[in-house]
Amino acid sequence: MKRMILHWASVLLASVAVLSTSCNEDNEDKKVVTPEFPEPQSLTIPAGETTCPVTFTPNMDWTISIPTDPETSKWFELRDGEVSVTSIQGKASKDPVTVTIATTDQVEFDATPSCEVSLTMGGQTQVIATITRGTTERQFDIYQVEFDEYGQLFNPGIYNETPEAKNNQDSPIEMFWTYNGALEYVFKATSNFSWLINIPEEAEGWFIKAREVDVDGDNNSKEVRFDIKFTTEEILDGTTIGIDFYDASVGKDEDPGNNTHNMYYFKVPATRDLVRHYDIPENKTLNFQANGKYATQTAGTDVERDSFDGSVSSTKGLSFYAVDDTYTIISGLNSWIKFEDKWDDESDELFQKRDYSITVSENDGDARTAILLAIPQSKLPEGDPSDIIADGFTDIKEEYKQYIFATVEQAGNSDEGGEDGFTLGYPNDFMTNYYLQNGYFKFEDLTDGDPNTDPDVAEFAGEIEMGAKLYRLTYNNLSMSQSSLMLTLSGEYTQVMSNPYGNEWLVFMDMEDGTCMISMEGYGDVGQKGDKGSLAFYGMTPYGDGVVARVICIRNY
């Protein structure tokens, strides 16, 4: 009986074990799978890029979506390949899955819009990425208009390759004087945003934005000119002005950052003590005939004028003085030199460019000369004008020498009749003076030069002693060698010899109308920079046949 009980106990335990194993297997089959979401990411789409990948590994069937409100849709979209969709679905995967969030390519400087990327699995939704769109940096540069090779005139439409550096009040941009007498700054402004110019209130009316035109067909690349009008006393003493180039989409007093404002400083030089002359010959000599006529040439034709007419910029009260060779001021009603300078009282300009004239009376005696000065009111001598003369009447005081602008040379009656022999020169007309003042060529009379300081004078000193004239002609520009400059000549010569003999780059042509042309380009473009030679004009000297004039020719282009 005892054995039977043990047997049934064993059977019962075995049955329980089988039932237990069966229940565990059923629980495994019925275990619930829960969604496993990745850690949230913070991602950025940098300026200039338009897409951002979002990667995750789903353990359940999934759906990816982004908000569809107008603000988010303005900047972001979810892409399924090349198609914009509101959501993307997929199956569980042990491999990573990547979806693409795209943003527009429109420029944004200040706002940083963001987008949340949501993942839905197993009925649950979580944000797995927040994407922020980066801002574009505002770019603004100014490029100064390029000067010509002599640094005096600008070339409209041609700009320096390097932009002007951002500056401060201690290192402002220098404004420059143009040939026509304007103080200005011409530049090209380039940017990736629309901008406006904020001129400080204290500068309104005299710091003029005179031109703003699109260049290169780009609305954000403009040529601008600032022009100065001297309308207040303070400007005459010079100043520095800060000009703000700011984003047109914001107010001039708003500053959200990101280069919204671009400040540049410009220097307006002092002009109260300044005198600027125009139309003065390079050698600063005004030649008058004994009859009082000013002798000049226009297009190779001799012209006699009643006066020399020039232009000058200065403040009101400019005074002209003439000092003769005894260092005596020539003044009064009986002065043989007279000046006429008319200030425009109707204008509000305190620094004006205006015309003046110099007339000379007839000279019945010997040739005479005078030094001409134009002294601004701020520097006029107190009391007696003769205070500009140094003690002993031997010179002009140093502080006034900066205001010497020319010398008058008038022939006497005994000088008329062509006793100067063979001479060369250049026309005293507008274009020739333009070329001279801008360095396109240089013409020097070396006849009275110093052989101790000038090797060219030393080399041909013997010819000078025999009565020859010595000149030096330098071309700094190709255009001067291509019939742009017609020299004047007077007197007789028999032949012209080129030195070195047989060279092909130096060519002389007599136009047989009182003018000639000297080319350093040759007949076949054979010249090169650095060529130097001379042209010797032969004729009758006081000592017989010989050189009556020599022109040293230098090709510097």
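The values are calculated or read from the model by the stated rules, or taken from the named source; none is laboratory data. Everything numeric here is computed off the predicted structure, so don't read it as measured data. Note that each Cβ is placed from the backbone with ideal geometry, even for glycine, and that neighbours are counted across all protein chains shown. Accessible surface areas use protein heavy atoms only, side chains included; no ligands, DNA or RNA. Shrake-Rupley method; radii C 1.70, N 1.55, O 1.52, S 1.80 Å.
Does TYR265 qualify as being of a type in the set (Ser, Thr, Tyr), at negative phi and out of contact with any Phe, Trp or Tyr (no Cβ under 9 Å at 6 or more places or on another chain)? Taking the combined requirement at face value, the residue satisfies it.
Here is a yes/no grid of residues against (1) among the aromatic types (Phe, Trp, Tyr); (2) closer than 30 Å to CYS52 by Cα:
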residue: VAL127; (1), (2): no, yes
residue: TYR143; (1), (2): yes, no
residue: LEU196; (1), (2): no, no
residue: GLU212; (1), (2): no, no
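If you go through the stretch 325-351 and keep only what is in contact with a strand residue (DSSP E or B) (Cβ under 7 Å, 6 or more places away or on another chain), surrounded by 16 or more Cβ atoms within 10 Å (Cβ to Cβ) and touching a residue at least 24 places away in the same chain (Cβ under 8 Å), you end up with TYR327, ILE329, ILE330, TRP336, ILE337, ASP341, LEU350, PHE351.
Being closer than 19 Å to ASN413 by Cα and either outside any strand (DSSP E or B) or among the hydroxyl-bearing types (Ser, Thr, Tyr) (or both) is true of GLU362. Scanning the stretch 360-380 for residues that are farther than 20 Å from SER313 by Cα, surrounded by fewer than 19 Cβ atoms within 10 Å (Cβ to Cβ) and not charged (D, E, K, R) turns up SER361, GLY365, ALA367, THR369. Criterion applied to SER93, SER114, SER73, SER87 was being touching a Lys or Arg at 6+ places or on another chain (Cβ under 8 Å) and free of Cβ contacts under 8 Å to residues at least 40 places away in the same chain, and the one residue passing it is SER114. Of the strands (runs of 3 or more DSSP E) contained entirely in the stretch 449-533, those carrying at least 2 residues that are surrounded by 15 or more Cβ atoms within 10 Å (Cβ to Cβ) and modelled with pLDDT under 90 fall at 487-490. Restricting the first residue to the stretch 446-464 and requiring it to be under 14 Å from THR423 (Cα atoms), which pairs with a second residue that is at pLDDT 95 or above and open to solvent by 100 Å² or more (accessible area, probe 1.4 Å) meet a Cβ separation below 9 Å and a spacing of at least six or different chains? Partner pairs satisfying both residue conditions: none exist.
Which residue is nearest to SER191 (Cα to Cα), if the candidates are limited to the stretch 239-248 and must be hydrophobic (A, V, I, L, M, F, W, C) and assigned to a strand (DSSP E or B)? Break it down into steps so the answer makes sense when it comes.
Step one: of the stretch 239-248, the residues hydrophobic (A, V, I, L, M, F, W, C) are 241, 243, 245, 248.
Okay, now just the ones that are also assigned to a strand (DSSP E or B), so 241, 243, 245.
Values: ILE241: 22, ILE243: 16, PHE245: 10 Å.
Of everything passing the filter in the stretch 239-248, PHE245 is nearest to SER191 (Cα to Cα).
Please determine whether any residue of the stretch 54-72 is assigned to a helix (DSSP H, G or I), at pLDDT 55 or above, of a type in the set (Ser, Thr, Tyr) and under 29 Å from ASP110 (Cα atoms). Yes, the stretch 54-72 has at least one match. The single condition among (1) surrounded by 16 or more Cβ atoms within 10 Å (Cβ to Cβ); (2) modelled with pLDDT of 90 or more; (3) not polar (S, T, N, Q) that PRO281 does not meet is (2).
On the given criteria, is ILE66 surrounded by 13 or more Cβ atoms within 10 Å (Cβ to Cβ), in contact with a helix residue (DSSP H, G or I) (Cβ under 7 Å, 6 or more places away or on another chain) and more than 30 Å from TYR246 (Cα to Cα)? Judged against the criteria, ILE66 is a match.
The set of residues in the stretch 225-256 being in contact (Cβ under 8 Å) with a residue 40 or more places away in the chain and among the acidic types (Asp, Glu) consists of ASP227, GLU233, ASP244, ASP247. The number of residues in the stretch 225-238 being outside any helix (DSSP H, G or I) and either open to solvent by 50 Å² or more (accessible area, probe 1.4 Å) or of a type outside the set (Gly, Ala, Ser) (or both) comes to 9.
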